[in-house]
Amino acid sequence: MKAKKPLFMKYLLAITVVLLSISCTHEKTMTKPKTSKSRALPAALTAEPEKPEEFPVDTIDKLRDTTYTFRNYKLSVKEIDSTYIPSLYMDENTRAEIYKKHDNFYEADKEVEGYLAKGQAMYFNRKDSILTLSLEGGKTKTIKDVSKDSEEDIWYTYQNYFKGINSYLLRGQLYEGDCYMVVNRKTGEEIYVIGKIYPSPDNHSFIAINADLEARYSSNGLQLVELSQGQYRPKLTIEGGNWGPVELQWLDNKSFVIKVLEMTENSNGNYRSRFFRMSFK
């Protein structure tokens, strides 16, 4: 597949308007399964959004110390010294060891799901191609893999349950791409997001981050989603230019520290790490 312009803006807008459409983009950091073939992206992603103005996507080419003004928010950015950022998961080391054993992310994700089933069996179970999520009130929600040897193929794996926001995180993969889905355990509502999620301290919002500085097939930036009465409301999405976020830690309900990888001239695939404090207003 040849390099293309970032798919981020077009596809993420479509995802926001049509939450139930299949949403996946290519990610540089994912190794293709050995048996994969070159595939086009799902046809559902090619549709233009009905009302793109409802979900703007902004771009910051290069991060600097300033305050950026967007439609819904102001974002203050200040570079800081290198700092420790805790892992997203308490069992991050165990997950990392599983990924080291595999040469593609899909096989690793399947093993991670099996590992999580031992401690989170009350939240999900799998039977063949069907992933069943536990909802409140004894209800369930099924997520079925699509495997037709076609452009729509996608395989979902369970990633985590976030108690504070009462939501599940799933990962879906194509032969040449992946995506993330958040599912509300109370309502069953689902929303596709750009990457792994980090809930705020008051659990009224979360930030999703993803980095793809080279291939530019996947999302590269951060996304703020608010939770209101059990519904997900995307509020801000920023596409990175020469930078991509890889780690995040909330400081309070409006501020967070973020580690980014930054491309430099003649980097040849080598990136430098920088740390920033960011605050929403």
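Computed from the coordinates by the stated procedures, all read-outs in this text should not be read as laboratory data. Because the structure is predicted, anything quoted here is derived from the model rather than measured. Because the Cβ atoms are built from the backbone with ideal geometry, glycine has one as well, and the counts that use them run over all protein chains shown.
Quick rundown of the values:
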item: For segment 99-109, 3J(HN,Hα) per residue [Karplus equation, 6.51 cos²θ - 1.76 cosθ + 1.60, θ = phi - 60°, Hz, x = Gly/Pro]; result: 5, 5, 7, 10, 9, 8, 5, 5, 4, 5, 4
item: For segment 176-250, Kirkwood radius (reciprocal of mean inverse C-alpha pair distance, Å); result: 13.0
item: Per-residue HN-Hα couplings for segment 230-242 [Karplus 6.51, -1.76, 1.60; θ = phi - 60°; Hz; x = Gly/Pro]; result: x, 10, 8, 10, x, 10, 7, 10, 10, 8, x, x, 9
item: In segment 100-175, the trypsin sites (Lys or Arg not before Pro) that fall in loop regions by DSSP, at most 12 other Cβ within 10 Å; result: LYS101, LYS139, LYS148, LYS163
item: Stretchable slack from GLU265 to ILE80, in nm (0.36 nm times residue separation minus alpha-carbon distance); result: 64.4 nm
item: Under 5 Å, built H, 5+ apart or other chain: amide partners of GLY195; result: ILE209
item: Cβ charges +1 (Lys, Arg) and -1 (Asp, Glu), total dipole of segment 56-182, debye; result: 620
item: Spin-label pair GLU136/ARG71, simplified geometry with 7 Å Cα→Cβ offset, distance in nm; result: 3.1
item: Cα convex hull of segment 115-231, projected area averaged across orientations, nm²; result: 8.2
item: Net charge of neighbours whose Cβ lies under 11 Å from the Cβ of THR67, counting Lys and Arg as +1 and Asp and Glu as -1; result: +3
